[in-house]
Each structure stands twice: as C-alpha cells, then as structure tokens.
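Visitor: Take a look at this one; I'll ask things after.
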Amino acid sequence: MTKIKLEIIIDAPIERVFDLARSIDLHKLSTTGTNEEAIAGKTSGLIELGETVTWRAKHFGIYQNLTVEVIEFEKPFMFGDVMLKGAFKQMKHIHRFLADGSGTKMVDEFEFVSPFGFLGKLADSIFLKRYMKKFLINKNKELKYVAESQEWKKIINETKG
C-alpha cells in the first residue's frame, strides 16, 4: 500500500476548515486542472457520514470515475472516505483537523493500492505517488486560500443555505 501524509497549517477556525474540506463545491473549484465533476450521489453541499459521491475527472489524459463513501465522521476533528469503485485496487483518505492556536492543523492521510500487481507497484514508485501528492498539495493550498480569505463565505453560505 502506498501512503502519503501531508500537513498544513491554516489560519482559520477548525469548524470552518472541517466544513470546507468536505465541501463538494470547493473540491470542484480546487481541482480545475482535472475537470472534476460530481456526477452521482452527493453532488453539492457538505458530504456527511454514509454519503457517497462519484467524481468524473481527467487524469493522464483519460476521463475516469471514482466513487467514494464517507465511512468515518467525527465533527470537527476527522472524516474518512474509501473508494467503492474506481481506478485504484484500494483507496482510503483520512482527513484530520487539530485546533492549533487560532488556526487549524489539517492532516491528510491518503493510502492506495494500484491494480496490476507488480506493474502497479512500479507505476506507484516511478510517478503515481508523486502525481497524487502534488494533486493533494494543490487541493490543500486552495482550501487554505479559501479558508483564510473571505471566499469561504461563498462556499459555506451556498452549501448551507
């Protein structure tokens, strides 16, 4: 299993960061490079425990679908999702949030197993782990920007209201 762990400090309250991290709408905005679109399940708003979302995105020049379900949820400290269908053999993504002074420390733990046995492991080591890490870093930078600016009000107000 390939593992990626990222940490980022965000100058915003834990509740705001937690809600933004589970916002379908912010996810779409933060992944413009892959044209991500929620096409089934929860397609806007804040995803909750037991809900699924199917994403359609372009990775490596190919459109792919990925369906995940939120299986763990402890507001505002963590939520976790697992892949039900998609390109990986297995995938799990845990999002953790810790109050850090007036801000929030967000920790991403992303684990995946590629298909195709040895060839999948080779792809992981050559480029896929690096690709996924860069993808997550860019998503987290956008979340940080939105949370620390006034932009969060558009996302949270639209999703809650």
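Visitor: Here are some conditions: (1) of a type outside the set (Val, Ile, Thr); (2) loosely packed, with under 13 Cβ neighbours inside 10 Å; (3) over 16 Å from Val17 (Cβ atoms). Glu111 meets all but one. Which one does it not meet?
Guide: That leaves (2) as the condition not met.
Visitor: Could you check Glu36 against (1) surrounded by 18 or more Cβ atoms within 10 Å (Cβ to Cβ); (2) in contact (Cβ under 8 Å) with a residue 60 or more places away in the chain and say which number it fails?
Guide: Only one criterion is unmet by Glu36, namely (2).
Visitor: Further question on the same structure: Kindly evaluate Lys129 against the criterion of being in contact (Cβ under 8 Å) with a residue 12 or more places away in the chain, basic (Lys, Arg), within 15 Å of Ser23 (Cβ to Cβ) and part of a helix (DSSP H, G or I).
Guide: When the stated conditions are applied, Lys129 does not pass them.
Visitor: Just a yes or no: is a residue in region 7-21 charged (D, E, K, R), closer than 30 Å to Phe118 by Cβ and part of a strand (DSSP E or B)?
Guide: no
Visitor: May I pose another question? Restricting the first residue to region 1-25 and requiring it to be under 23 Å from Glu111 (Cα atoms) and in contact (Cβ under 8 Å) with a residue 24 or more places away in the chain, which pairs with a second residue that is in a loop (DSSP other than H, G, I, E, B) and of a type in the set (Ser, Thr, Tyr) meet a Cβ separation below 8 Å and a spacing of at least six or different chains?
Guide: Qualifying pairs under 8 Å: Thr2/Ser114; Ile24/Thr43; Ile24/Ser44.
Visitor: Within region 118-133, is there a residue that is under 20 Å from Thr34 (Cβ atoms), touching a Phe, Trp or Tyr at 6+ places or on another chain (Cβ under 6 Å) and surrounded by 15 or more Cβ atoms within 10 Å (Cβ to Cβ)?
Guide: no
Visitor: Within region 114-130, track down each residue that is at pLDDT 90 or above and either over 20 Å from Val82 (Cβ atoms) or among the β-branched types (Val, Ile, Thr) (or both).
Guide: Arg130
Visitor: I'd like the residue in region 52-93 that is within 23 Å of Glu148 (Cβ to Cβ) and of a type in the set (A, V, I, L, M, F, W, C) and, out of all such residues, is surrounded by the most Cβ atoms within 10 Å (Cβ to Cβ).
Guide: Of everything passing the filter in region 52-93, Phe79 is surrounded by the most Cβ atoms within 10 Å (Cβ to Cβ).
Visitor: Right, another one. Looking at region 40-51 only, could you name the residues that are at negative phi and either among the polar types (S, T, N, Q) or surrounded by 13 or more Cβ atoms within 10 Å (Cβ to Cβ) (or both)?
Guide: Scanning region 40-51 gives Lys42, Thr43, Ser44, Leu46, Ile47, Leu49, Glu51.
Visitor: Just wondering, is there one or more residues in region 135-155 that are part of a loop (DSSP other than H, G, I, E, B), of a type in the set (Phe, Trp, Tyr) and buried (at least 17 other Cβ atoms within 10 Å of the Cβ)?
Guide: no
Visitor: Residues being touching a helix residue (DSSP H, G or I) at 6+ places or on another chain (Cβ under 7 Å), buried (at least 16 other Cβ atoms within 10 Å of the Cβ) and not β-branched (Val, Ile, Thr): count how many of those fall in region 1-28.
Guide: Summing the residues that are touching a helix residue (DSSP H, G or I) at 6+ places or on another chain (Cβ under 7 Å), buried (at least 16 other Cβ atoms within 10 Å of the Cβ) and not β-branched (Val, Ile, Thr) in region 1-28 gives 8.
Visitor: Let me ask something else. Can you find a residue that is assigned to a helix (DSSP H, G or I), closer than 15 Å to Val107 by Cα and under 14 Å from the mean Cα position of the chain (by Cα) anywhere in region 75-83?
Guide: no
The values are calculated or read from the model by the stated rules, or taken from the named source; none is laboratory data. A quick note: this is a predicted structure, and the numbers were derived from the prediction, not measured. Cβ: placed from backbone, ideal geometry, glycine included. Neighbour counts: every protein chain shown.
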